[in-house]
Protein chains: 2
Amino acid sequence: MDPRIREHAETIVEHSIELEAGDNLVIQLPSEAEDLAVALHEYAGDVGANPVYLNNSERAERAYLRARGDDFELPDHELALYEEADAFVIARGGGNVSEKSDIDPETTADHNRARRPVQRTRLSKTWCLTQFPTEGRAQLAGMSTEEYENFVYDAVSLDWEAQHEFQQQLVERLNDAEEVRIRSGEETDVTMSIAGNTALNDDGRANLPGGEVFTAPVRDSVEGEVHFDLPLYRQGREIEDVRLTFEEGRVVDFSAERNEAVLSGVFDTDASARYLGELGIGMNRAIDRFSYNMLFDEKMGDTVHMAVGSAYPETVGEGNEVNESAEHVDMIVDMSEDSVIELDGEVVQRDGTFIFEDREAE
Amino acid sequence: MDPRIREHAETIVEHSIELEAGDNLVIQLPSEAEDLAVALHEYAGDVGANPVYLNNSERAERAYLRARGDDFELPDHELALYEEADAFVIARGGGNVSEKSDIDPETTADHNRARRPVQRTRLSKTWCLTQFPTEGRAQLAGMSTEEYENFVYDAVSLDWEAQHEFQQQLVERLNDAEEVRIRSGEETDVTMSIAGNTALNDDGRANLPGGEVFTAPVRDSVEGEVHFDLPLYRQGREIEDVRLTFEEGRVVDFSAERNEAVLSGVFDTDASARYLGELGIGMNRAIDRFSYNMLFDEKMGDTVHMAVGSAYPETVGEGNEVNESAEHVDMIVDMSEDSVIELDGEVVQRDGTFIFEDREAE
């Protein structure tokens with residue numbers, strides 16, 4: 001076994017979910033990730049936890065969804081499993097990222113609706129979403145399998161304590177600030193209030209890799225234009241060069257170079273899908289390239305992302321409205337060149353470098 | 001996908017567990033058997049059942065057992081899953097049948113003890129134990145992978161309705177009989193009472209392949225000698241040429257050509273391990289060779305098996321004692337040559353051929 005798989009498992013167990021003796025653990029991994037499952041079982045045994053091992057198979061799920069089609073029911077036995085669980089680890093992987101490309105979106109939506117209590121219960125536990133490097137994911141990222149393995153294991157194996165401290169400097173500045181302005185190139189200049197809202201430090205717990213600081217914009221405060229110059233991947237399709245114009249928080253104009261119709265579908269989902277739910281700043285510099293996987297892309301060093309749709313309630317301060325939407329679509333701006341983040345008029349990052357770091361000396 | 005995998009799944013869903021709309025199904029398969037999982041999900045979707053897919057990984061289980069060692073707890077979340085389930089499908093497979101060869105038997109015993117409520121709950125549901133043909137299993141059987149696939153799919157795809165009728169003829173004769181005498185070669189001549197006990201027709205439900213008729217001997221009635229001329233595989237070790245002598249039901253003398261100590265360990269487990277719990281007659285003639293897998297071997301056409309240890313309570317009539325033991329070890333006699341089964345003095349099978357069939361005409 002690649003020794004990095006054991007290190008990955010150790011990070012999950014000791015850092016991300018802080019597994020303890022007696023914990024009931026659910027591990028859900030694709031078949032390709034059996035090595036990671038073996039390592040997680042080893043650490044679970046060391047700690048004295050009780051693992052149940054689910055197979056997270058997109059092939060099996062696709063077969064089920066297509067055969068059933070609709071009228072999905074709440075699976076009481078799966079719900080009971082999670083109700084009695086303390087911690088939950090799920091890894092993405094899979095041999096083919098297009099595995100679910102021929103499922104009717106209505107079917108997926110109906111299935112998700114029926115399973116909502118399962119999803120809510122899972123999220124009420126200590127959980128970690130992580131990645132196993134498969135050939136399918138490497139192919140999507142345009143990397144060789146070995147290169148992609150290096151990419152994944154570098155990203156998940158940061159010194160998370162040091163990363164926490166690095167990120168905490170930005171968290172504190174955001175929590176002291178009222179207004180954020182983001183400028184990049186010729187086409188991005190957007191301002192928003194974050195007054196009263198809370199910035200959180202993602203240091204590799206619920207997401208591994210972690211490596212971002214995120215908060216919620218005050219719902220109606222966003223004004224300006226953004227050109228998201230990094231692509232996003234949605235429903236198996238790549239959307240490129242999204243441009244959004246905000247007025248009083250609402251997207252009043254949008255365009256995309258490719259698959260604009262998919263973007264249009266997002267905005268049609270509900271009225272709140274046109275409002276930002278999240279502002280995030282990617283700070284994981286081990287993620288130095290785009291891999292068409294939001295779990296990594298949104299943490300990429302020297303980027304900013306904004307999500308239209310639902311806000312994380314824990315980032316929204318008392319008295320501010322939590323944007324609630326069935327959508328949460330992250331889009332990314334490259335901040336490494338000709339870019340500035342300002343807090344209350346003060347530059348906090350220029351061309352990717354924060355004022356609180358001496359990057360040349362790294 | 002090999003079309004036989006879909007047929008296998010169809011047999012499981014429609015015949016073995018008779019899955020119905022709304023049923024909560026648990027599927028537990030090794031990673032190697034993902035194709036079977038896909039097909040089972042497809043049929044579960046067609047029927048309108050709700051599947052949960054567990055990975056039955058001996059590698060992961062080994063890692064956990066070795067790391068934890070002892071002090072296993074009842075996993076409440078796994079128990080809750082099965083309590084809310086209606087049906088359960090488990091397949092053996094795995095890449096290496098020796099995967100658990102380096103686990104301390106004490107560890108396995110402690111783990112099994114802690115999980116007993118899970119096991120009891122599973123067995124209280126509609127369940128099916130079946131096989132996925134892996135390279136490891138083919139290797140154990142001494143067959144090429146393709147030959148082994150043919151062997152497995154032939155064995156599970158009998159016309160189960162016809163097989164049921166064929167077997168029912170023996171069931172009725174056994175249920176009318178009081179004494180069974182089995183003679184084979186120079187070394188096997190054993191008699192036992194089955195008076196009051198019930199013979200059951202295994203037509204591919206809880207076991208797939210099925211293909212045996214089985215009952216319980218009256219505990220203290222077994223007299224004589226048996227030479228089990230087919231080997232058995234236990235704790236990763238092959239036991240050959242077991243010879244047992246019975247007096248008043250009890251094994252009073254035993255020997256084996258290889259690994260006699262393992263056999264001796266079985267008899268030391270508890271006092272009831274020296275008594276027969278089962279007499280079975282293998283009637284699945286698609287299983288025409290030994291494969292070191294009791295799920296198949298005990299169903300092999302033209303064989304008889306006897307198990308020392310626990311009896312199936314449903315085979316023991318009122319007033320007869322149910323032999324209760326922590327062991328249940330099946331051993332097989334080849335009946336294809338120089339062999340006879342007699343019921344109350346009447347020959348019911350000679351050299352593998354039953355009196356109720358015209359085998360030449362097949």
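The values are calculated or read from the model by the stated rules, or taken from the named source; none is laboratory data. Note that this is a predicted model, so its numbers are computed, not measured. A quick note on method: Cβ atoms are made from the backbone with ideal geometry, for glycine too, and the neighbour counts reach across all protein chains shown.
When the stretch A:171-208 is examined, which residues are found to be within 19 Å of the chain's Cα centre (by Cα) and either at pLDDT below 95 or hydrophobic (A, V, I, L, M, F, W, C) (or both)? Write out each step before concluding.
As a first pass, look at the stretch A:171-208 and keep what is within 19 Å of the chain's Cα centre (by Cα): A:171, A:198-208.
Result: A:V171, A:A199, A:L200, A:A206, A:L208.
Return yes or no: is B:N207 farther than 28 Å from B:E321 by Cβ and buried (at least 20 other Cβ atoms within 10 Å of the Cβ)?
On the way: farther than 28 Å from B:E321 by Cβ: no; buried (at least 20 other Cβ atoms within 10 Å of the Cβ): yes.
No, not satisfied.
Each row is one residue, and each column tells you yes or no for (1) under 26 Å from the mean Cα position of the chain (by Cα); (2) of a type in the set (A, V, I, L, M, F, W, C); (3) not in a helix (DSSP H, G or I).
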site	(1), (2), (3)
A:L36	yes, yes, no
A:A44	yes, yes, no
A:L54	yes, yes, yes
A:A60	yes, yes, no
A:A67	no, yes, no
A:D71	no, no, yes
A:L81	yes, yes, no
A:F88	yes, yes, yes
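Within the group B:F166, B:F88, which residue is in the same structural domain as B:F246 (by TED's automatic domain parsing), over 30 Å from B:A256 (Cβ atoms) and surrounded by 18 or more Cβ atoms within 10 Å (Cβ to Cβ)? Walk me through it before giving the result.
Working: B:F88 fails: in the same structural domain as B:F246 (by TED's automatic domain parsing).
Testing whether each residue is in the same structural domain as B:F246 (by TED's automatic domain parsing), over 30 Å from B:A256 (Cβ atoms) and surrounded by 18 or more Cβ atoms within 10 Å (Cβ to Cβ) leaves just B:F166.
Would you tally the residues in the stretch A:66-115 being under 29 Å from A:N24 (Cβ atoms), modelled with pLDDT under 95 and facing chain B (nearest Cβ under 10 Å)?
Result for the stretch A:66-115: 2.
Can you find, within the stretch B:290-321, the residue that is farthest from B:A109 (Cα to Cα) among those that are charged (D, E, K, R) and in contact with an Asp or Glu (Cβ under 9 Å, 6 or more places away or on another chain)? Talk me through it step by step, then tell me what you get.
First pass over the stretch B:290-321, keeping only residues charged (D, E, K, R): B:297-299, B:302, B:314, B:318, B:321.
Those left that are additionally in contact with an Asp or Glu (Cβ under 9 Å, 6 or more places away or on another chain): B:297-299, B:302, B:321.
Working: B:D297: 25, B:E298: 24, B:K299: 27, B:D302: 34, B:E321: 26 Å.
For the stretch B:290-321, the residue satisfying everything is B:D302.
Of the residues that sit in the stretch B:300-324 and are within 17 Å of B:V222 (Cα to Cα) and of a type in the set (S, T, N, Q), which one is surrounded by the most Cβ atoms within 10 Å (Cβ to Cβ)?
B:N323
Quick check: anything in the stretch A:80-103 polar (S, T, N, Q), in contact (Cβ under 8 Å) with a residue 60 or more places away in the chain and in contact with a strand residue (DSSP E or B) (Cβ under 7 Å, 6 or more places away or on another chain)? Before you say what the answer is, go through the steps one by one.
Taking the stretch A:80-103 and keeping what is polar (S, T, N, Q), we get A:96, A:98, A:101.
When the remaining residues are screened for being in contact (Cβ under 8 Å) with a residue 60 or more places away in the chain, the result is A:98, A:101.
Adding the requirement that they be in contact with a strand residue (DSSP E or B) (Cβ under 7 Å, 6 or more places away or on another chain) leaves none.
So far as the stretch A:80-103 goes, no, none of its residues is polar (S, T, N, Q), in contact (Cβ under 8 Å) with a residue 60 or more places away in the chain and in contact with a strand residue (DSSP E or B) (Cβ under 7 Å, 6 or more places away or on another chain).
So, B:V262, is that one touching a helix residue (DSSP H, G or I) at 6+ places or on another chain (Cβ under 7 Å), surrounded by fewer than 20 Cβ atoms within 10 Å (Cβ to Cβ) and not in a strand (DSSP E or B) or not? Before you say what the answer is, go through the steps one by one.
Working: touching a helix residue (DSSP H, G or I) at 6+ places or on another chain (Cβ under 7 Å): no; surrounded by fewer than 20 Cβ atoms within 10 Å (Cβ to Cβ): yes; not in a strand (DSSP E or B): yes.
The answer is no for B:V262.
I'm trying to understand the selection: among the residues of the stretch B:273-299, which are outside any loop (DSSP other than H, G, I, E, B), in contact with a Gly (Cβ under 7 Å, 6 or more places away or on another chain) and free of Cβ contacts under 8 Å to residues at least 60 places away in the same chain?
Within the stretch B:273-299, B:A273, B:Y275 qualify.
Can you pull out the residues in the stretch A:43-64 that are in contact (Cβ under 8 Å) with a residue 40 or more places away in the chain and more than 7 Å from chain B (Cβ to nearest Cβ)?
Let us first name the residues in the stretch A:43-64 that are in contact (Cβ under 8 Å) with a residue 40 or more places away in the chain, namely A:58-59, A:62.
Passing the criteria: A:E58, A:R62.
Do any residues in the stretch B:223-237 that are assigned to a strand (DSSP E or B) have Cβ atoms under 6 Å from those of residues that are among the basic types (K, R), where the two are at least six apart or on different chains, and which pairs are they?
B:H227/B:R243
For the stretch A:309-340, what are the residues that are over 21 Å from the mean Cα position of the chain (by Cα) and part of a strand (DSSP E or B)?
Passing the criteria: A:S339, A:V340.
Residue check: is A:P209 out of contact with any Gly (no Cβ under 8 Å at 6 or more places or on another chain) and over 16 Å from A:M331 (Cα atoms)? Working first, answer last.
On the way: out of contact with any Gly (no Cβ under 8 Å at 6 or more places or on another chain): yes; over 16 Å from A:M331 (Cα atoms): yes.
Judged against the criteria, A:P209 is a match.
Inspect the stretch A:14-25 for any residue being at pLDDT 95 or above, over 21 Å from B:D70 (Cα atoms), surrounded by 24 or more Cβ atoms within 10 Å (Cβ to Cβ) and touching a helix residue (DSSP H, G or I) at 6+ places or on another chain (Cβ under 7 Å) and give the result as yes or no.
Scanning the stretch A:14-25, I find no residue that is at pLDDT 95 or above, over 21 Å from B:D70 (Cα atoms), surrounded by 24 or more Cβ atoms within 10 Å (Cβ to Cβ) and touching a helix residue (DSSP H, G or I) at 6+ places or on another chain (Cβ under 7 Å), so the answer is no.
Looking at the stretch B:256-271, can you tell me whether even one residue there is touching a residue at least 40 places away in the same chain (Cβ under 8 Å) and among the polar types (S, T, N, Q)?
Yes, that holds for at least one residue.
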